[in-house]
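Trainee: Can you keep this structure in mind? I'll have questions shortly.
Quick note: the coordinates plus some simple rules give every number you see, no bench work behind them. Values in this document were obtained by computation on a predicted structure and should not be read as measured data. Note: ideal-geometry Cβ built from the backbone for every residue, glycine included; neighbour counts use all protein chains shown.
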Amino acid sequence: LRGARFLNFAGHGYGYVDYVCPRCGSHPRHRGLFLFLRDIVARLRPGDAVLHLAPEPAIANALRERTDLRYVTADLAMRSAAVRADVTAMPFRADAFSLLVVSHVLEHLPRDGPALAEIARVTASGGHALILVPTWPNWQERPTREFGAPDPQWDDHWRIYGSDLPERIAAAGLLCTPVRF
């Protein structure tokens with residue numbers, strides 16, 4: 001019976017049997033991000049500031065392990081976030097954060113340009129902004145598809161990203177290096 005409840009939840013509408021971890025609630029993207037973050041977080045200096053937008057618990061726990069960092073969570077609606085903030089107009093000074101983690105946020109916005117500009121503004125010179133978004137499987141061969149409104153078939157996303165993603169990020173003033181994991 002416990003397995004049946006887990007399997008029903010684990011599918012989460014994506015059709016994968018073992019999609020969500022029954023212990024920590026992480027999705028595959030969280031597990032991949034955790035592995036990628038280990039190296040980046042290890043290189044941060046004591047006192048560096050990290051901003052985690054729309055903080056997922058599985059990733060938040062990994063970032064909190066470095067108690068010598070200033071870890072800030074922010075979201076417009078999440079009660080668990082330390083700061084109530086709109087990603088398109090964040091209440092932080094320019095160059096405030098050495099690391100930003102922005103996982104699956106941009107696709108939920110009518111326009112992603114203002115959010116990308118804000119991400120660039122608060123990222124310190126030499127810092128990193130890890131921006132994860134849903135893409136087409138062959139994203140480098142297909143353009144971003146704008147839906148024009150939140151699409152219930154795509155978890156209320158306004159878009160699914162494609163080949164113009166690096167240009168969108170670069171237009172905000174960020175150097176974009178696509179990474180697959």
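Trainee: What does the charge count around residue 51 come to, taking other residues whose C-beta lies under 13 Å from its C-beta (Lys +1, Arg +1, Asp -1, Glu -1)?
Mentor: Summing Lys/Arg as +1 and Asp/Glu as -1 gives -1.
Trainee: Let me ask something else. Sum up the charges of everything whose Cβ sits under 12 Å from the Cβ of residue 145, counting Lys and Arg as +1 and Asp and Glu as -1, but leave residue 145 out.
Mentor: Neighbourhood net charge equals -2.
Trainee: Measuring from the lowest to the highest alpha carbon on each principal axis, how far does the stretch 61-178 reach, largest first, in angstroms?
Mentor: 42, 31, 26
Trainee: Taking the Cα centre as origin and putting +1 on Lys and Arg beta-carbons and -1 on Asp and Glu beta-carbons, what dipole magnitude results for the stretch 25-128, to the nearest 20 debye?
Mentor: 200
Trainee: In addition: Work through the residues other than residue 158 whose Cβ is under 15 Å from its Cβ and net out their charges, Lys, Arg +1 and Asp, Glu -1.
Mentor: Around residue 158, the surrounding residues sum to -3.
Trainee: Starting at the first residue of the stretch 41-48, write each ³J(HN,Hα) from the Karplus equation 6.51 cos²θ - 1.76 cosθ + 1.60 with θ = phi - 60°, in whole Hz, x for Gly and Pro.
Mentor: For the stretch 41-48, the Karplus curve yields 5, 4, 7, 5, 8, x, x, 4 Hz.
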